[in-house]
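Right, one structure below, let's go through it.
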Amino acid sequence: MNTSKNKTPVASWFDYDYFEEERKAIKALTVILRTAGCQWRKCTMCGFWQESADVTQADILDQLERSLRNSPEEDIILKIFTSGSFLDEREISSETRKEIAERVRKVGRIRKFIVETRPEFVSAERIEDLKGVENLELAIGLETADDFIRSKYIKKGFSFDDYRKAAEIRWRCDGKNVSSAQTAVCIRKECNRRRY
Ligand code: SF4
């Protein structure tokens, strides 16, 4: 086991992103955490899981600490990606998610928190782990609205309906009681952004 590698994120960098809630661009810190990696590993365009390692949950928290060390004294968007799914217990445990949420709240300047996940891991309980972070956004890689292309050529392993259900769970956690028809309209509108 390479201990120093396990305590280092795959990558982290600053750039600017659009902070939709206040309609302006602000600094964004993107962190790719090194975890056990995606369990699916079948998408034809993806080799992210090759960055996976036999890390502990403590290693993951160290990686985040290291990435936040140089964060500026101004409002930022924090995007945390793993080489898989942030809501997958096999990568990030519930306890670790809660600790990350607490760290994000304590920093105070993190105005938006974006994490990426496959839809099958989205549940009210896992979203609850991140309670209190400002403007939580889930990014789900739908890739295409066409089930045939996603299944046959991308081999993504989930349907548009799985994606829609995950989006509905997310919205209900914010107290929004939306119908399937409303969800479909919003998904069409937001499809290119891939975030919920
Ligand atoms: S689910 Fe995501 S991380 Fe996993 S293989 Fe597909 S694109 Fe890559």
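Values computed for the structure shown
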{"quantity": "Expected 222 nm ellipticity per residue - DSSP helices of 4 or more, -39500 (n - 2.57), all of the chain, to 500", "calculated": "-9000 deg cm²/dmol"}
{"quantity": "Longest site-free stretch - the chain; sites: GluC sites (Glu not before Pro), DSSP loop, at most 11 other Cβ within 10 Å", "calculated": "75-196"}
{"quantity": "Label-to-label distance, nm, for residues given as R41 and R103 (7 Å Cα→Cβ offset)", "calculated": "2.6"}
{"quantity": "Sequence of T35, T8 once ranked by neighbouring C-beta atoms within 10 Å, starting from the fewest", "calculated": "T8, T35"}
{"quantity": "Members of K42/K98; K24/K131; K27/K156; K7/K98; K24/K112 lying beyond 22 Å, as alpha-carbon distances in this model show", "calculated": "K42/K98; K24/K131; K27/K156"}
{"quantity": "In sequence order, calculated HN-Hα J values of region 64-78 (Karplus, 6.51, -1.76, 1.60; Hz; x Gly/Pro)", "calculated": "5, 4, 4, 6, 7, 3, 9, 6, x, 7, 8, 4, 9, 9, 10"}
{"quantity": "Three-way shape call for region 3-143 based on the alpha-carbon gyration tensor, with the a/c threshold at 1.5", "calculated": "rounded"}
{"quantity": "Extension gain, N70 back to Y18 (0.36 nm per residue minus Cα-Cα distance, nm)", "calculated": "16.6 nm"}
{"quantity": "Amide H within-cut-off set for L136, under 5 Å, with H built and near neighbours excluded", "calculated": "F113"}
{"quantity": "Vicinal HN-Hα couplings computed from phi for region 26-33 (Karplus, 6.51 cos²θ - 1.76 cosθ + 1.60; Hz; Gly/Pro x)", "calculated": "9, 5, 10, 9, 9, 10, 9, 6"}
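Values in this text are rule-based calculations from the coordinates and carry no lab data. What you are looking at is a predicted structure, and each value in this text was computed from that prediction instead of being measured. Because the Cβ atoms are built from the backbone with ideal geometry, glycine has one as well, and the counts that use them run over all protein chains shown.
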